[in-house]
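**Q** Handing you a structure now.
Just so it is clear, none of the values below were taken in a lab; they were calculated from the coordinates. Everything quoted here is computed from the prediction, not taken from an experiment. Positions of Cβ are backbone-derived with ideal geometry, glycine not excepted, and every protein chain shown enters the neighbour counts.
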């Protein structure tokens, strides 16, 4: 006999058309399903093995014919070794007793068998198989696949975010390591955990104060050295020029480069508030160091953590006094203008450059008549001195040392990078848990498994659903073959799950 091949969703209409099941079979099956669900409420004292099947009551994809078969078999033989039936741990003979009509005497078994007979009478088990198969193919499998697709997308998003976070962390770590190295701080001493934030900030404040104090002292000392060279090289020339141009009324010889001379002769010294007549104390007497041991560990609200002797040199010395420094700048700028003019004359108007300085004395001529390279060197020294005392870096260092707010701001710039690293580490930990999760997470409104666990669960459900579909297909083909007495095969999307 030739095998009948039909699309799986056309099998039931084909069977109905041949009168093997009534046209209202769907309504009859729905009524039977309600009876099956009520069976457990009607007989709540059945054995544990039977009551375990109650879990199928709330399932949307339950095939009740199979469940009824299981119930009937369990009611017939629970003990396994005899035909006796067990209720509440007591063996009875009700499981095998029948009346003269061949019906079971035990009421639960009688009703279960009666429901099975109804299934067979109208071939509702075929309808049940077809409906379960249709639900699985049209709803359950697509729903699971959609969930898996969404979870895979979410998981890939987590992985991409983690990779981006790692990139940001590496970049910020490299930047922070470079910046901390300037303060001789090892980044490994301060892991990216909030417990270390305050420790790092205190250390940064100390090291930033130390570095800027050291820079300022070095600038002052270098400036003193340069001013001495400038005074020795240019003072005679400038004085001779003033005398030759008969500008003595504007520039008194004793006051010409007064502050330059004062620094050149006395070096770095402390002031009492006046620009002259102060008791001098050289920088060497201060023993000013910027070692970490000299810093104050407990920082007062209005204080900067540097030693008092260092602070006096920076703020109370002649170069640290604003009024003194302003007058010194005035002389340096005048000297700078004078040297620039001499350089311009020697470069562009060399025939006019050799003034008759003999009127100022023969000893001056040897100092005045200098080559262009010497004047350029003097100009470089003047420019460097001005930069050391008023350049951007020098003023920034002084600004940081003048008040705690400036110091806090400088430290906060490094702390902000450190905080970004902490945030990335925290973000990576969260993403790693979501990717590799083994525990539950608390969301805003409900508890749920992490993405990876959800994904594994969905994959498991998908495999179970595929197995159910294949098993149901096999049973449906066999049952349809038995009912129709013709070999039946169903096909379609069901073969490509």
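**Q** I need the calculated FRET efficiency for the pair residue 315 and residue 179, taking r as the beta carbon distance and R₀ as 30 Å, to the nearest 0.05.
**A** Computed FRET efficiency for residue 315 and residue 179 comes out at 0.65.
**Q** What is the distance in Å between the Cα centroid of segment 1-21 and that of segment 373-394?
**A** Centre-to-centre (Cα) distance: 103 Å.
**Q** Any chance you could tell me what percent of the C-alpha pair distances in segment 140-192 go past 18 Å?
**A** For segment 140-192, the share of Cα pairs beyond 18 Å comes to 57 percent.
**Q** Using the beta-carbon distance between residue 466 and residue 70 and R0 = 22 Å, what value does 1/(1 + (r/R0)^6) give for FRET efficiency, to the nearest 0.05?
**A** It comes to 0.50.
**Q** Starting from the 7 Å offset along Cα-to-Cβ, what nm value, one decimal, do you get for the label separation of residue 143 and residue 225?
**A** Rounded to a tenth, the inter-label distance reads 8.3 nm.
**Q** Kindly state, to the nearest 0.05, the FRET efficiency for residue 383 paired with residue 196, given R0 = 41 Å and r defined as their beta-carbon distance.
**A** 0.40
**Q** Separation of segment 40-68 and segment 170-208 by C-alpha centroid, Å?
**A** The two parts, judged by their Cα centres, are 66 Å apart.
**Q** Please give, to one decimal in nm, the separation of the simple spin-label points placed at residue 496 and residue 419, each 7 Å out from Cα toward the Cβ.
**A** Placing both labels 7 Å beyond Cα along the Cβ direction yields 5.6 nm.
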